[in-house]
Amino acid sequence: MDEQVQLDWERCVAFHGHVCPGLAIGFQAAQIALKVLHALEGEPYNPKSGFVSIVQNDACGVDAVQTLLSSTFGKGNLMFKDHGKQVFSFIRRQDGRGVRVALKYGAMDNERHQALRPKMMDNTATPAESEEFYKLHGEISMHLVEAPPEEHFVWREITFDLPNGPKLNPTVECAFCGEGVMEQRASVRDGRIACPECVEQYESRVLVLNK
Ligand SMILES: [Zn+2]
Ligand SMILES: [Zn+2]
């Protein structure tokens, strides 16, 4: 493995806490992003305006995206869509151009690994099975990291309308719990401002009353 790739992979593993195929998926998706975003024809990539990562799952691979691309919720350059798909898009802020990377369906299936997984999950694997599982786990991960990206992924250029820069979000007081809540997330219950938590409680009360 290329020395830089090795170092990058180790950084991801340190952040995520373990080696796993999911982390390797995000690692490769981020590598593809770096390659494609810098090679788009026309206007060169402007690192000052940066790019936004849109992840369509909240699994292990997102940790590699955060580590390698510095995409985080705090910086506002990480967007999560709860789609349960191993799909990652990376969009340049300067012009909305970017790349959409998808894991091929079944690309990393391994029958033995899948057969052992339920046993690992409910702690019924024998020590030998457990050892075999972790060996396969590591092998599948390393294969994902080292194989040419075309083997497991498809990607294409896209354009995407990113929401405009950071918005000012005034905070208002929830009339029910007294805590502050971003105005956009607040709603009105019984003519008073309510935060999402208190709305949930309100709705469960209404359900009980209607029974
Ligand atoms: Zn993991
Ligand atoms: Zn509240």
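Assorted remarks:
- Count - residues of the range 134-188 that are of a type in the set (D, E, K, R) and assigned to a helix (DSSP H, G or I): 7
- Yes/no for VAL19 being more than 15 Å from the chain's Cα centre (by Cα) and away from ligand 2 (no atom under 16 Å from the Cβ): yes
- The residues in the range 92-133 that are touching a residue at least 40 places away in the same chain (Cβ under 8 Å) and outside any loop (DSSP other than H, G, I, E, B) can be counted, and the count is 8.
- Flag for ALA64 being more than 16 Å from ligand 2 (Cβ to nearest atom) and within 26 Å of HIS113 (Cα to Cα): yes
- Test: residue in the range 16-32 that is more than 16 Å from ligand 1 (Cβ to nearest atom) and within 19 Å of PHE153 (Cβ to Cβ): yes
- The range 85-99 - residue that is surrounded by fewer than 22 Cβ atoms within 10 Å (Cβ to Cβ) and under 11 Å from the mean Cα position of the chain (by Cα) and, of those, farthest from LEU68 (Cα to Cα): LYS85
- Looking only at the range 43-76, and only at residues there that are closer than 17 Å to GLU157 by Cβ and under 14 Å from the mean Cα position of the chain (by Cα), the one that is surrounded by the most Cβ atoms within 10 Å (Cβ to Cβ): SER53
- Residue in the range 178-196 that is over 19 Å from ALA24 (Cα atoms), assigned by TED's automatic domain parsing to the domain that holds VAL52 and exposed (fewer than 15 other Cβ atoms within 10 Å of the Cβ) present: no
- Residue within the range 32-42 that is more than 16 Å from ligand 2 (Cβ to nearest atom), crowded, with 21+ Cβ neighbours inside 10 Å, in a helix (DSSP H, G or I) and assigned by TED's automatic domain parsing to the domain that holds GLY84 present: yes
- For the range 163-205, taking the residues that are of a type in the set (S, T, N, Q) and closer than 26 Å to ARG93 by Cα, the one that is modelled with the highest pLDDT is identified as GLN184.
- Top-ranked residue in the range 43-63 [being modelled with pLDDT of 95 or more, outside any helix (DSSP H, G or I) and small (Gly, Ala, Ser); ranked as farthest from ligand 1 (Cβ to nearest atom)]: SER53
The values are calculated or read from the model by the stated rules, or taken from the named source; none is laboratory data. The shown structure was predicted, so the numbers you read here are calculated from the model rather than taken from an experiment. Here Cβ is always computed from backbone atoms with ideal geometry, including for glycine, and neighbour counts include all displayed protein chains.
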